[in-house]
C-alpha cells in the first residue's frame, strides 16, 4: 500500500434553516475549489442570535480533509 498525505482545513457553514444545511453548505462550497475531499468532521454546532434571542442562523464548524496531489 502506498502512503498518502491529507491536509485538514476548518470551515464554518451557515444556514437559516438547520445545522444539516449549514454543514452541507460548507462541504458543497469546499468541493468547488478543492479536489479529492475525503472526510468532513463536525467539530461544533452553534447558533447566531439576534438582540432578542431569536435564532438568526445555524452554524456548523467542520474539519475537512483532502488528499495532496503528487
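Can you tell which of 28, 56 is modelled with pLDDT of 95 or more and within 12 Å of residue 13 (Cα to Cα)?
28
Looking only at the range 1-18, count how many residues are more than 15 Å from residue 63 (Cα to Cα) and in contact with a strand residue (DSSP E or B) (Cβ under 9 Å, 6 or more places away or on another chain).
6
The values are calculated or read from the model by the stated rules, or taken from the named source; none is laboratory data. Values in this document were obtained by computation on a predicted structure and should not be read as measured data. Neighbour counts are summed over all protein chains in view; Cβ atoms, including those assigned to glycine, are modelled from backbone coordinates with ideal geometry.
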